[in-house]
1. Starting at 0 and stepping by 10 Å, how many percent of the alpha carbon pairs of the chain end up in each bin?
2. How much of the DSSP beta bridge set in region 25-167 is antiparallel, as a percent to the nearest 5?
3. Once you charge only the Cβ atoms, +1 for Lys and Arg and -1 for Asp and Glu, what is the size of the charge dipole of region 106-178 about its Cα centre, to the nearest 20 debye?
4. How far, in degrees from 0 to 90, does helix 30-44 lean away from the longest principal axis of the Cα atoms of the chain, to the nearest 10?
5. Quick check: at a probe of 1.4 Å, how many percent of the accessible area of the chain sits on carbon and sulfur atoms?
6. Past the 11 angstrom mark, what percentage of all C-alpha to C-alpha distances in region 131-175 do you count?
7. In square angstrom, what is the accessible area per residue of region 65-207 with a 1.4 angstrom probe?
8. Once the convex hull of the C-alpha atoms of region 194-308 is built, how many Å³ does it hold per residue, rounded to a whole number?
Amino acid sequence: MLDLQRLRALHAVSVHGTVGAAAAALGFTPSAVSQQITKLERETRTVLLEREGRGVRLTDEAWHLVDVAGELLALVERAETRLEERRGVPSGRLTIAAFASAARGLLPSVLADLAVRHPALDARLTEVDPHLSVDLVAKGAVDLVVAHDWDIAPLPAPAGVEQAPIGEDLCDLLVPEGHRFAGRTAVRRDELGGQRWICQPPGRVCHDWLMRTLRGAGHEPDIVHQADENPTLVALVAAGLGVALIPRLGRGPLPAGVVEVPLDPMPVRRLYALWRTGAARRPAIAETVRALRAHWPDVAARTNRPGV
């Protein structure tokens, strides 16, 4: 008899790529996940993981088990959804993945709301970039995702995944004090050539959007500094090292030496909640989506104040 928790551990490694990342997603230690897979190897008399450099590689036999594990976990999810639906109240564990600025600017108030209203619900947050999180919810690694897309780069929803809009976040051009754009009421996109840009690394949604926007306006971007977190990007602008396009959600008050200048037209990114179709009837999903949409107007009002 195969143990479901051990199959879950193997499935998590297949989704997240490493034992450490799988452990973080499951809420275990890496050694605990390794022990689960070692026991599964003993039970199946099969080698499932092989060392590859500093990481691991799933064997062909492991991938066959992963396919079966995915089917079993989907059945378990259906059973849990039906039980929760019969109770009529959000309960059990709900794993949420959100991109960094939503995790900082929106999710704290939402999670606090859920904790007060639904003490039987164990909602847990992990911070994941949107281009990764959508795949995680599709594969069953998380229950619900808060992701975003841009006006020129729509977010595709995989088969078997549903989505609901949460709201729209605005984006501004941030320049150092004394920059030639600093006194402007607005800057057109076709004026953005010749700037030294500060942005997130390649592969991130915001980086890809910046590249498309500037190239669409006929400019080849000169990326001089890259950082994952928006506060770091803002600090680099404050030091006079370049300009940046940064969304307002989770940005916080701007430091001295940084000037916010609107773009014309103003870039907009749209926030979505995504979940698997099989879990759509789960009260925890419905209530979390409700809370996200209910808290968004207050969050948007705060972030849309000048200089915030």
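1. Going from the shortest bin to the longest, the percentages are 6, 24, 28, 22, 14, 5, 1, 0.
2. Looking only at bridges with both residues in region 25-167, the antiparallel portion is about 35 percent.
3. Numbers: 3 positive and 13 negative charges, 83 e Å.
Here region 106-178 has a charge dipole of around 400 debye.
4. Tilt of helix 30-44: around 40 degrees.
5. Carbon plus sulfur share of accessible area: 53 percent.
6. Counting every Cα pair in region 131-175, those more than 11 Å apart make up 72 percent.
7. Counting only protein heavy atoms, the per-residue value for region 65-207 is 47 Å².
8. 133 Å³
The values are calculated or read from the model by the stated rules, or taken from the named source; none is laboratory data. These numbers were taken from a predicted model, which means no experiment stands behind them. In this analysis, Cβ positions are derived from the backbone assuming ideal geometry, glycine residues included, and neighbour counts consider all displayed protein chains. Heavy atoms of the whole protein, side chains included, go into the accessibility calculation; ligands, DNA and RNA do not. Shrake-Rupley method; radii C 1.70, N 1.55, O 1.52, S 1.80 Å.
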